[in-house]
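In what follows, a structure is listed as structure tokens, so that the remarks can point back to it.
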There are 2 protein chains.
Amino acid sequence: MERRFEAELKQLKASILSMGGFVEQAIEKATHALTARDRKELELVHALETKINEKHIEIDNTCLEVLARLSPVAADLRLILAIIKINTDLERMGDQAVNVSYNAEHYLEDREVTVRIDLPKMSELVREMVRDSLDAFLNEDTVLAQEVLGRDDAVDELKNKAFEILVPYMKQNPNNIEAALDLLLIARNLERMADHATNIAEDVIFACTGEDVRHGVGHTTS
Amino acid sequence: MERRFEAELKQLKASILSMGGFVEQAIEKATHALTARDRKELELVHALETKINEKHIEIDNTCLEVLARLSPVAADLRLILAIIKINTDLERMGDQAVNVSYNAEHYLEDREVTVRIDLPKMSELVREMVRDSLDAFLNEDTVLAQEVLGRDDAVDELKNKAFEILVPYMKQNPNNIEAALDLLLIARNLERMADHATNIAEDVIFACTGEDVRHGVGHTTS
């Protein structure tokens, strides 16, 4: 059983990492299309989402099989449950990347918004959170996972700043409200993605330590 | 084993239903506060979210224990995995209700938006989706679960309609942009909640039939 579990786990970890790579690329393409004003990149987001969804179903099925065949307990069980949850968060991030791409497509039909919103920085921070939360998962590195949790505030601040710039802009440029609204919704999507990366980091901590850091409690299960 | 599993399952189902009740109330309070212009109701949303978070941790721990002690397989295993996922979706709906309450609080500080947005209808539809998806779960009723899936479009339509009314309103009333934006974001939060209810309905179908109806595929696992 031990060796079979290790082999399945190795395969699951590889699948999660590959899915995470697709998510990172989807975020990158969806936001880069905005600054490059390149619709072609948006088509790639949809292709990436298809790959993300395929991995999602594959990973979920493998986890179900592992639980049914090997009945893992303790740390091994926590790890499989963490993978099931991480899988869900990555899939939802794929949905959010598609939402960004719809808003970006709508934005590119309109006149440019003339104030600068640091969406590239937000996009970069979110991608780093995805990468590092998954590195933390791969290496069972709770220090890195904790560090990822702390970075959520930086993304929230950038989103708040985007609102502070865009709302007055909308008041002064009512004819360009739709384009500004697109950017505002994209900032919100990116913030939501950072929340998902935070959830992943919490799941990594739970898988490694059995400690529940959600909802601000330090609850330990046996 | 059989009888112990049945007892645990009964307890878990009761907990999920009680959590769903809190979620429904949170949605109701957060949206009713808007039409009643009553801040007091918004405080209740935070109290409800605390209860939702407590249930979330309790249910997750019970599922972990059941998997570790009883190693369920086949339909029983699918049911436990469905509970873990439903639990996550309900908890995220609680977060969304809190987001609605923040936007509602901000809205109530401003002048009223003079166009009518049917947020009460959206709120009602979403609460029905939560109630029916959980009824479907309780009674293992895949027909009702399928029916819930079909209702997502009605919520999307109401959200689109809200945008179609609010964007021109913002253009004509640039001084009331912030209040209109609050309503627009609330419409989006409600749409997101409907997505979570849809996820729950999908999980019910998977638990009952082993059939994966996510991502538009009909994939069956053994």
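Selection of region B:177-212 for residues being within 11 Å of chain A (Cβ to nearest Cβ), over 21 Å from B:I16 (Cα atoms) and at pLDDT below 95 yields only B:D212.
Annotation note: of A:E105, A:E91, A:E124, the sole residue that is part of a helix (DSSP H, G or I), among the acidic types (D, E) and surrounded by 21 or more Cβ atoms within 10 Å (Cβ to Cβ) is A:E91. Residues that are away from chain B (no Cβ under 14 Å), of a type outside the set (G, A, S) and surrounded by 15 or more Cβ atoms within 10 Å (Cβ to Cβ) within region A:141-160 comprise A:D141, A:T142, A:L144, A:Q146, A:E147, A:V148, A:L149, A:R151, A:V155, A:L158, listed in sequence order.
This table checks each residue for (1) more than 16 Å from the chain's Cα centre (by Cα); (2) among the aliphatic types (A, V, I, L, M).
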| site | (1), (2) |
| --- | --- |
| B:V115 | yes, yes |
| B:E128 | no, no |
| B:V143 | yes, yes |
| B:Q172 | yes, no |
| B:A179 | yes, yes |
| B:D182 | yes, no |
| B:N189 | no, no |
| B:R192 | no, no |
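If you go through region B:23-64 and keep only what is within 14 Å of another protein chain (Cβ to nearest Cβ), in contact (Cβ under 8 Å) with a residue 24 or more places away in the chain and not basic (K, R), you end up with B:H46, B:L48, B:E49, B:I52, B:N53, B:H56, B:E58, B:I59, B:D60, B:T62, B:C63.
For region B:163-176, how many residues are more than 11 Å from every other protein chain (Cβ to nearest Cβ) and crowded, with 23+ Cβ neighbours inside 10 Å? Lay out the reasoning, then the answer.
We begin by selecting, within region B:163-176, every residue more than 11 Å from every other protein chain (Cβ to nearest Cβ); these are B:164-165.
Restricting the remaining residues to those that are crowded, with 23+ Cβ neighbours inside 10 Å gives none.
Qualifying residue count for the region: 0.
Entry remark, region A:1-39: residues being over 18 Å from A:A136 (Cα atoms) and touching a helix residue (DSSP H, G or I) at 6+ places or on another chain (Cβ under 8 Å) number 18 in total. The set of residues in region A:24-42 being assigned to a helix (DSSP H, G or I) and exposed (fewer than 14 other Cβ atoms within 10 Å of the Cβ) consists of A:T35, A:A36, A:R39, A:K40. Please work out if B:A136 is more than 14 Å from every other protein chain (Cβ to nearest Cβ) and either touching a strand residue (DSSP E or B) at 6+ places or on another chain (Cβ under 7 Å) or buried (at least 22 other Cβ atoms within 10 Å of the Cβ) (or both). The answer is yes for B:A136. Would you check if B:L81 is touching an Asp or Glu at 6+ places or on another chain (Cβ under 9 Å), touching a residue at least 60 places away in the same chain (Cβ under 8 Å) and surrounded by fewer than 21 Cβ atoms within 10 Å (Cβ to Cβ)? So B:L81 does not fit the description; no.
Residue-level check: of (1) under 21 Å from the mean Cα position of the chain (by Cα); (2) exposed (fewer than 15 other Cβ atoms within 10 Å of the Cβ); (3) polar (S, T, N, Q), A:N99 misses just (2).
Scanning region A:148-181 for residues that are of a type in the set (S, T, N, Q) and either part of a helix (DSSP H, G or I) or touching a strand residue (DSSP E or B) at 6+ places or on another chain (Cβ under 7 Å) (or both) returns A:N160, A:Q172, A:N175, A:N176.
Condition first: over 13 Å from the mean Cα position of the chain (by Cα) and under 28 Å from A:A33 (Cα atoms). Now tell me which residues in region A:130-141 satisfy that. Explain how you work it out, then say what you get.
So in region A:130-141, the residues over 13 Å from the mean Cα position of the chain (by Cα) come out as A:135-141.
If the condition is that a residue be over 13 Å from the mean Cα position of the chain (by Cα) and under 28 Å from A:A33 (Cα atoms), then A:D135 is the only one that fits.
The values are calculated or read from the model by the stated rules, or taken from the named source; none is laboratory data. Please read these numbers as outputs of a predicted model, since none were measured by experiment. Here Cβ is always computed from backbone atoms with ideal geometry, including for glycine, and neighbour counts include all displayed protein chains.
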